[in-house]
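Q: For reference, the structure I am asking about is given below.
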Amino acid sequence: MAFDLNSLLRPHISSLKPYTSARDEYTGKEGIFLDANENPLGSATKEDFNRYPDPYQWEIKKQLSKIKGVRPEQIFLGNGSDEAIDLLFRAFCNPGKDNVILLPPTYGMYEVSAAINDVATKKVSLTKDFQLDTKAVLGQVDAHTKIIFICSPNNPSGNKINRDSIYTILNQFSGLVVIDEAYIDFNDEPSFTQELDKYPNLLVMQTFSKAWGLASLRLGMAFASEELIRILNRIKPPYNISGLTQEYVLQALQNEKKVKSMIQTILDEKDSLEKALKGLDFVQKVYPSNANFFLVKVPQATSFYNKLIDHKIIVRNRSKVQLCEDCLRVTIGTKAENKALIEAMQKVAAETGVQG
């Protein structure tokens with residue numbers, strides 16, 4: 001496979017001169033700062049937020065590189081993973097001309113971002129067991145196919161995608177392969193971040209929202225070649241990650257032991273919840289999951305979903321999603337929350353006369 005990043009790049013992005021912020025020109029932390037038109041008197045809060053944050057979040061990247069086993073220059077941080085997705089479309093896909101390949105059922109923002117950027121999507125359904133049909137995927141590739149998005153573990157099905165299938169795509173596709181690993185911390189396989197130096201066409205996305213418990217901070221990670229990361233940094237907003245977010249994430253990175261403990265607790269609760277769900281006679285199927293949620297098939301899922309809301313139990317109705325007919329997506333909660341879920345499901349079944 002011949003891969004040339006520059007040939008994929010939109011021509012005007014290649015010649016783009018990025019905005020240079022004050023903190024690009026001077027990166028020191030000491031001095032009298034009269035360069036960025038900031039308020040020198042502080043902030044209208046108890047703490048001071050009057051200075052612009054590091055535009056490239058180097059302290060986070062240095063700490064993160066030790067945890068992830070990659071170089072800081074191979075890391076991009078965005079306002080959620082959605083920012084990285086959007087930037088990839090803007091950098092590589094010519095509106096009204098290029099296309100990307102999606103593998104439904106999958107994370108919905110790939111398609112939304114494509115639509116926003118006026119980029120066509122080609123959809124190749126996963127198989128009935130939610131795996132890649134590599135022949136069908138590669139058969140949809142044409143001269144204008146720039147990106148293939150693979151979510152593993154997949155959302156909403158929860159399963160990991162066969163690793164050999166992903167390698168086949170990486171080896172035979174000359175465009176970008178984006179592997180979304182939002183749920184990798186709950187999986188038993190190594191991350192594809194360990195393959196970055198072998199595959200220049202690979203970009204891996206992860207998030208602080210799930211295992212790290214920082215969803216409100218909105219911080220997504222992308223890992224790729226240094227060349228590709230430089231392109232994303234060239235076109236991102238100058239201060240895309242707030243100073244407050246950077247501060248809290250740095251604190252979290254010092255507490256990796258707690259994160260591992262939370263992951264184990266969630267996995268333990270996952271085992272218990274799986275047994276409880278499978279013990280309900282009206283549950284038709286609990287799909288295998290490598291994430292922190294289950295896809296659960298029940299009769300009349302939409303009605304069941306609405307009845308659960310009446311009991312103040314909120315799950316995700318995925319029954320209109322391809323291959324997920326009559327399915328609810330259930331996130332692993334605390335022991336008490338999982339118990340309340342099972343009790344509510346039993347009540348709804350009794351109220352509606354639902355049978356498996």
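The values are calculated or read from the model by the stated rules, or taken from the named source; none is laboratory data. Worth saying up front: this structure is predicted, and the values here are computed from it rather than measured. Note that we place each Cβ from the backbone using ideal geometry, even for glycine, and neighbour counts take in every protein chain shown.
Q: Among the residues of segment 343-355, are any surrounded by 17 or more Cβ atoms within 10 Å (Cβ to Cβ) and assigned to a loop (DSSP other than H, G, I, E, B)? Before the answer, list the steps.
A: So in segment 343-355, the residues surrounded by 17 or more Cβ atoms within 10 Å (Cβ to Cβ) come out as 344-345, 348-349, 354.
When the remaining residues are screened for being assigned to a loop (DSSP other than H, G, I, E, B), the result is 354.
Checked segment 343-355: at least one residue is surrounded by 17 or more Cβ atoms within 10 Å (Cβ to Cβ) and assigned to a loop (DSSP other than H, G, I, E, B).
Q: Looking at (1) buried (at least 16 other Cβ atoms within 10 Å of the Cβ); (2) touching a residue at least 24 places away in the same chain (Cβ under 8 Å), can you tell me which one Ser65 breaks?
A: It fails just one condition, (2).
Q: While we're on this one: Working carefully through the options Val321, Val330, find the one that is hydrophobic (A, V, I, L, M, F, W, C), outside the structural domain of Asn159 (by TED's automatic domain parsing), assigned to a loop (DSSP other than H, G, I, E, B) and under 27 Å from Phe186 (Cβ atoms). First the steps, then the outcome.
A: Numbers: Val330 fails: assigned to a loop (DSSP other than H, G, I, E, B).
On inspection, the qualifying residue turns out to be Val321.
Q: Continuing with this model, one more query. Being crowded, with 20+ Cβ neighbours inside 10 Å and over 16 Å from Asn79 (Cβ atoms) is the filter here; which residues of segment 200-218 pass it?
A: Asn201, Leu202, Leu203, Val204, Lys210
Q: Taking segment 178-212 on its own, how many of its residues are under 14 Å from the mean Cα position of the chain (by Cα) and free of Cβ contacts under 8 Å to residues at least 60 places away in the same chain?
A: The qualifying residues number 7.
Q: Next question, about the same structure. On the basis of being crowded, with 17+ Cβ neighbours inside 10 Å, assigned by TED's automatic domain parsing to the domain that holds Gly28 and in contact with an Asp or Glu (Cβ under 8 Å, 6 or more places away or on another chain), does Asn79 make the cut?
A: no
Q: Mind telling me which of the residues Leu196, Leu176, Leu219 ends up being touching a strand residue (DSSP E or B) at 6+ places or on another chain (Cβ under 8 Å), in the same structural domain as Leu103 (by TED's automatic domain parsing) and within 17 Å of Lys146 (Cβ to Cβ)? Working first, answer last.
A: Details: Leu196 fails: within 17 Å of Lys146 (Cβ to Cβ); Leu219 fails: within 17 Å of Lys146 (Cβ to Cβ).
Criteria check complete, one pass: Leu176.
Q: In addition: Which residues, taken from segment 226-237, are part of a loop (DSSP other than H, G, I, E, B) and either exposed (fewer than 15 other Cβ atoms within 10 Å of the Cβ) or without any contact (Cβ under 8 Å) to a residue 60 or more places away in the chain (or both)? Steps first, please.
A: Residues of segment 226-237 part of a loop (DSSP other than H, G, I, E, B): 236-237.
Result: Pro237, single match.
Q: Related question: Does Gln57 count as of a type in the set (S, T, N, Q), in contact with a strand residue (DSSP E or B) (Cβ under 6 Å, 6 or more places away or on another chain) and farther than 30 Å from Asn317 by Cα?
A: Numbers: of a type in the set (S, T, N, Q): yes; in contact with a strand residue (DSSP E or B) (Cβ under 6 Å, 6 or more places away or on another chain): yes; farther than 30 Å from Asn317 by Cα: yes.
Answer is yes for this residue.
Q: Also: Looking only at residues that are in contact (Cβ under 8 Å) with a residue 24 or more places away in the chain and among the β-branched types (Val, Ile, Thr) in segment 275-306, which one is surrounded by the fewest Cβ atoms within 10 Å (Cβ to Cβ)? Walk me through it before giving the result.
A: Looking only at segment 275-306, we keep the residues that are in contact (Cβ under 8 Å) with a residue 24 or more places away in the chain, and these are 276-277, 280-284, 287-301, 303-304.
Among the residues that remain, those that are also among the β-branched types (Val, Ile, Thr) are: 283, 296, 298.
On the way: Val283: 20, Val296: 26, Val298: 24.
Among those that are in contact (Cβ under 8 Å) with a residue 24 or more places away in the chain and among the β-branched types (Val, Ile, Thr), it is Val283.
Q: Restricting to segment 130-168, and then to whatever is part of a helix (DSSP H, G or I) and not aliphatic (A, V, I, L, M), can you tell me which residue is farthest from Tyr110 (Cα to Cα)? Break it down stepwise before answering.
A: Going through segment 130-168, the residues part of a helix (DSSP H, G or I) turn out to be 134-139, 163-168.
Keeping just the survivors that are not aliphatic (A, V, I, L, M) gives 134-135, 139, 163-165, 167-168.
On the way: Thr134: 19, Lys135: 21, Gly139: 20, Arg163: 21, Asp164: 23, Ser165: 20, Tyr167: 21, Thr168: 21 Å.
Among those that are part of a helix (DSSP H, G or I) and not aliphatic (A, V, I, L, M), it is Asp164.
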